[in-house]
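Since the structure comes first, as structure tokens, the remarks are kept for the end.
The values are calculated or read from the model by the stated rules, or taken from the named source; none is laboratory data. This structure is a prediction, so every number in the text was calculated from the model and none was measured. Positions of Cβ are generated from backbone atoms using ideal geometry, with glycine treated the same way; all protein chains shown enter the neighbour counts.
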Amino acid sequence: MSILIFILILGILVLVHEFGHFIAAKKKGVLVEEFGFGFPPRIFGKKFGETIYSINLIPFGGFVKLFGEEYHDLKKNENLKLPTSNLQHRAFAYKDPHIKTLIIVAGVMMNFLLAIFIYYFTLSTNNFKSEALPLIKDYNFRFGNQENRVVIGAVVLRSPASKTEIKTGDITTRVGIEDQANQINWFPIKKPEQFIDLVKQSKDKPIYLDLENIINDEKKIVRVIPRYDAKLKRAVIGINLVEAAIISYDTIPERLLMGFLQSYNVTAYNIEGIGFLFSQSAKQKSLEPVAEGSAGPIGIFRIIDETVQSSGKKLVLNLLNLLALLSLSLGFINILPFPALDGGRFALVLYEWVAKKRVNQNLERNLNLIGFAILLSLAALVTISDIIKIYR
């Protein structure tokens with residue numbers, strides 16, 4: 001089931017993106033040679049009008065093949081039944097810069113529109129509150145009412161916590177400590193430091209955690225006895241803590257615009273988060289922070305599999321939130337001004353627009369080839385990192 005959902009999610013993400021390019025190209029008169037589901041080799045293809053619609057062997061996404069994406073494509077006209085005088089009119093490369101721009105950015109816009117639509121649905125069904133968003137640094141979201149929570153990111157093996165019902169994804173809303181009269185005094189928790197301080201004071205004394213799981217909404221109160229850790233020189237229960245934020249949209253204007261506002265919040269945080277990871281890598285002179293904060297297909301499959309296994313009644317809602325997040329990430333990555341990405345193509349079109357002349361054909365082709373090679377190398381490194389995480 002996880003494999004099928006993984007293929008479905010990746011298929012939706014890329015097909016929505018490619019459909020944006022497809023429909024914009026059709027509307028602007030560019031010849032679309034093929035719209036493919038999956039990547040070649042082709043299993044089946046049927047031509048309707050002037051476009052081949054195909055199903056391909058590798059089921060991860062899809063592609064749109066535009067006639068004349070590069071100038072040298074105009075020389076390959078053996079299979080096209082177009083008058084020679086009509087070739088340039090139907091070729092992408094010879095369209096005006098503003099038309100090229102529309103076709104290029106249409107894919108990214110479709111990814112953002114998908115996320116916006118999903119967030120309208122998920123927020124509406126969740127009392128206008130977002131899922132808990134893990135924070136890798138202090139951050140204040142621009143829109144909505146933000147409430148920070150302490151989330152259990154992992155449970156250490158053979159620790160006091162591992163012998164209880166404490167699970168990854170539990171939100172710790174408050175901690176209870178028994179007084180001398182055996183009464184439980186509850187203390188609200190909004191920062192990991194508050195939790196650690198309370199545990200420090202409770203060596204060999206039971207504490208109570210009021211928990212609500214962000215994955216399946218399970219609520220429980222768990223009793224656990226901290227023990228002294230000689231390495232850390234303090235009492236611990238054996239959990240790793242992560243700070244997370246829940247954003248609520250309380251006013252009528254916010255609720256009317258919440259799909260757009262949530263998409264902006266998530267995208268802006270992702271941008272700052274990526275910058276933070278790269279700055280940490282630069283400080284540490286190591287790629288480990290970036291590797292830990294990124295995921296390729298294997299990492300995404302692990303996240304989907306964990307979501308499927310633990311979501312219970314919230315499975316659909318959790319998968320939709322994950323789909324929205326991935327769609328925003330795909331759109332953001334694609335618009336970066338890097339060769340072989342949509343953003344790289346847009347940069348070349350922007351040069352053509354400003355300079356009033358086309359980019360050198362050989363330079364454009366070589367930049368795209370180099371960019372594609374770099375992207376493949378990065379994909380390989382991320383995949384290796386994902387595999388290492390599995391066996392760590």
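Of the residues LEU381, LEU328, LEU376, only one is among the hydrophobic types (A, V, I, L, M, F, W, C) and modelled with pLDDT of 80 or more; which? Steps first, answer last, please.
Numbers: LEU381 fails: modelled with pLDDT of 80 or more; LEU376 fails: modelled with pLDDT of 80 or more.
Residue meeting the stated conditions: LEU328.
Please name all residue pairs, on different chains or six or more residues apart, with Cβ atoms under 7 Å, provided the first residue is in segment 335-351 and is over 13 Å from ALA106 (Cα atoms) and the second residue is of a type in the set (A, V, I, L, M, F, W, C) and crowded, with 20+ Cβ neighbours inside 10 Å.
Every condition considered, the pairs that remain are VAL349/ILE104.
Contact list please: Cβ distance under 9 Å, first residue in segment 225-245 and over 24 Å from PHE141 (Cα atoms) and without any contact (Cβ under 8 Å) to a residue 12 or more places away in the chain, second residue in a strand (DSSP E or B) and not polar (S, T, N, Q), pairs at least six apart or on different chains.
Hits for this filter: ASP229/ALA235; ASP229/VAL236.
Just name the residue that is modelled with the highest pLDDT out of those in segment 214-252 that are outside any strand (DSSP E or B) and among the charged types (D, E, K, R).
ASP250
Does segment 314-330 contain at least one residue that is assigned to a loop (DSSP other than H, G, I, E, B), out of contact with any strand residue (DSSP E or B) (no Cβ under 8 Å at 6 or more places or on another chain) and surrounded by 17 or more Cβ atoms within 10 Å (Cβ to Cβ)?
no
So which residues in segment 130-146 are at pLDDT 90 or above and more than 19 Å from the chain's Cα centre (by Cα)?
Looking only at segment 130-146, we keep the residues that are at pLDDT 90 or above, and these are 130, 140-146.
If the condition is that a residue be at pLDDT 90 or above and more than 19 Å from the chain's Cα centre (by Cα), then ASN140, ARG142, PHE143, GLY144, ASN145, GLN146 are the ones that fit.
Determine which member of the set PHE301, PHE278 is farther than 30 Å from ASP204 by Cα, crowded, with 18+ Cβ neighbours inside 10 Å, among the aromatic types (Phe, Trp, Tyr) and in contact with a helix residue (DSSP H, G or I) (Cβ under 7 Å, 6 or more places away or on another chain).
PHE301
Got a sec? Which strands (runs of 3 or more DSSP E) wholly within segment 113-210 have at least 3 residues that are crowded, with 17+ Cβ neighbours inside 10 Å and touching a Phe, Trp or Tyr at 6+ places or on another chain (Cβ under 8 Å)?
So the answer is 170-178.
Rundown of residues vs (1) in contact with a Lys or Arg (Cβ under 9 Å, 6 or more places away or on another chain); (2) over 22 Å from GLY153 (Cβ atoms), yes/no style:
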| position | (1), (2) |
| --- | --- |
| GLN201 | no, yes |
| ILE239 | no, no |
| TYR249 | yes, yes |
| GLY259 | no, yes |
| ASN265 | yes, no |
| ALA282 | no, yes |
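Only one of (1) without any contact (Cβ under 8 Å) to a residue 24 or more places away in the chain; (2) among the basic types (Lys, Arg); (3) in a helix (DSSP H, G or I) is not met by ARG255, so which one is it?
Unmet condition: (1).
Of the conditions (1) closer than 26 Å to TYR269 by Cβ; (2) touching a helix residue (DSSP H, G or I) at 6+ places or on another chain (Cβ under 8 Å); (3) part of a helix (DSSP H, G or I), LEU336 fails just one. Which one is it?
(3) is the only condition that LEU336 fails.
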